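Values in this text are rule-based calculations from the coordinates and carry no lab data. Fair warning: this is a prediction, and the values are worked out from it, not measured in the lab. Quick reminder, even Gly has a Cβ in these numbers, built from the backbone with ideal geometry, and neighbours come from all protein chains shown.
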Amino acid sequence: MTTLLSVEDLHVSYGKMEAVSGVSLDMQAGQIVTVIGPNGAGKTTLLSALMGLLPCKGRSRYESDDLTALSTEERVRRGICLVPERRELFSDMTVADNLILGAYTRWRERRAVQADLDEVFRRFPKLAERRRQLAGTLSGGEQQMLALGRALMAKPRLLLLDEPSLGLAPLIVREIFRIVVGLRELGVSILLVEQNARAALETADFGYVLETGCVVHSGPAAGLAHDPRVIASYLGGKVEPSS
Ligand SMILES: Nc1ncnc2c1ncn2[C@@H]1O[C@H](COP(=O)(O)OP(=O)(O)OP(=O)(O)O)[C@@H](O)[C@H]1O
Ligand SMILES: [Mg+2]
């Protein structure tokens with residue numbers, strides 16, 4: 001396996017307040033890696049820093065390059081794509097136009113963009129049915145699908161997903177995570193930030209637990225899902241007293 005992303009001792013601050021305090025993480029190409037943790041743990045801050053949207057200290061490498069030397073635009077061109085927590089769709093534009101805007105870095109390749117649009121509509125039949133509907137009138141689940149579809153239009157190699165399950169009913173959450181697994185099969189590597197620890201650990205290959213800016217546990221996702229400390233804090237289970 002090849003290492004796609006390697007972050008070492010990352011620190012991110014808002015003024016005097018440090019929100020990410022020495023995080024290290026690794027991602028292999030083709031993996032789904034999840035970062036779970038409670039409100040305010042620093043998950044969104046971590047993704048913003050990886051996108052180059054916030055200044056940070058520490059070392060990070062993407063493929064064989066120093067990530068910190070790349071501007072946000074260069075990161076986008078290199079295939080890093082963020083699907084933000086609030087989805088940030090263009091609500092007064094149609095589903096189809098939102099998707100086409102996802103390919104803005106490739107606007108010269110009209111034929112390829114059209115083919116990709118057809119592929120996204122094949123993958124998300126619900127979006128195809130609603131291609132002329134305004135994005136702002138979609139349901140929450142459909143908006144999340146549109147956000148994922150728009151990200152796919154950028155031909156990402158590394159997708160940073162910020163709480164794709166936020167505000168969605170359990171059945172839709174399952175559908176969204178099935179889509180995420182489908183993206184891995186396409187060869188996209190995924191860094192999945194989630195508060196829904198159960199769904200995230202069922203989906204991911206490897207996981208990190210972030211609390212107040214620090215990684216407190218990490219390991220293969222299946223192992224974390226059976227770790228009594230993770231169960232007690234994040235999976236709503238009881239830890240049996242050891243005798
Ligand atoms: N722009 C900002 N200015 C100052 N403090 C901020 C800013 N953004 C986030 N913070 C603080 O940084 C800490 C981490 O926030 P962050 O949004 O990264 O958490 P999170 O893990 O994504 O939480 P949630 O699960 O609620 O989305 C919090 O204490 C938050 O109040
Ligand atoms: Mg967040």
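Hey, what did the chain get for relative contact order, percent, Cα under 8 Å, at least 6 apart?
Values: 453 pairs, mean separation 63.9, N = 243.
RCO, the chain: 26 percent.
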Restricting to Cα pairs under 8 Å and 6 or more apart, the percent relative contact order of region 88-155 works out to 54 percent
If one compares the long axis through the Cα atoms of helix 170-185 with the longest principal axis of the Cα atoms of the chain, the angle in degrees, nearest 10, works out at 80 degrees
For the chain, percent of DSSP beta bridges that are antiparallel (nearest 5) comes out at 55 percent
Length gained if residue 66 through residue 24 is fully extended, taking 0.36 nm per residue and subtracting the Cα-Cα distance, is 13.6 nm
If N is the residue count of region 174-231, its Cα Rg over 2.2 N^0.38 Å rounds to 1.14
Given a Förster distance of 35 Å, the FRET efficiency implied by the Cβ-Cβ spacing of residue 91 and residue 211, rounded to the nearest 0.05, works out to 0.55
A convex hull over the alpha carbons of the chain yields, per residue, a volume in Å³ of 134 Å³
In degrees rounded to 10, the 0-90 angle between helix 140-152 Cα long axis and the longest Cα principal axis of the chain is 80 degrees
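With each run of n ≥ 4 DSSP H residues scored as -39500 (n - 2.57), what mean residue ellipticity at 222 nm is computed for the chain after dividing by its residue count and rounding to the nearest 500 deg cm²/dmol?
Details: 10 runs with 89 residues, N = 243.
Here the helix-only value at 222 nm equals -10500 deg cm²/dmol.
Need one number: the % of Cα-Cα pairs in region 123-243 sitting beyond the 24 Å mark. The partial results should precede the final answer.
Working: 2470 of 7260 pairs.
Value for region 123-243: 34 percent of Cα pairs lie more than 24 Å apart.
Compute the FRET efficiency between residue 6 and residue 198 as 1/(1 + (r/R0)^6), taking r as their Cβ-Cβ distance and R0 = 35 Å, and round to the nearest 0.05.
On the way: r = 28 Å, r/R0 = 0.79.
Working from the Cβ atoms, E equals 0.80.
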So the angle from the long Cα axis of helix 110-123 to the longest Cα principal axis of the chain, reported in degrees to the nearest 10, equals 60 degrees
Percent of all Cα-Cα pairs per 10 Å bin for region 88-155, counting from 0 up to the last occupied bin, reads 24, 59, 17, 0
Protection proxy (average C-beta count within 10 Å per residue), highest first, orders 35-45, 123-133 as 35-45, 123-133
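Which of the peptides 151-164, 79-92 is most tightly packed, and how do the rest follow, judged by the mean count of other Cβ atoms within 10 Å per residue?
Details: 151-164: 22.1, 79-92: 17.4.
By packing density, highest mean first, the sequence is 151-164, 79-92.
Based on the alpha-carbon gyration tensor of region 56-191, what equivalent-ellipsoid semi-axes (square roots of 5 times the eigenvalues) come out, in whole Å, largest first?
Numbers: eigenvalues 123, 66, 38 Å².
Semi-axes (√(5λ), whole Å): 25, 18, 14.
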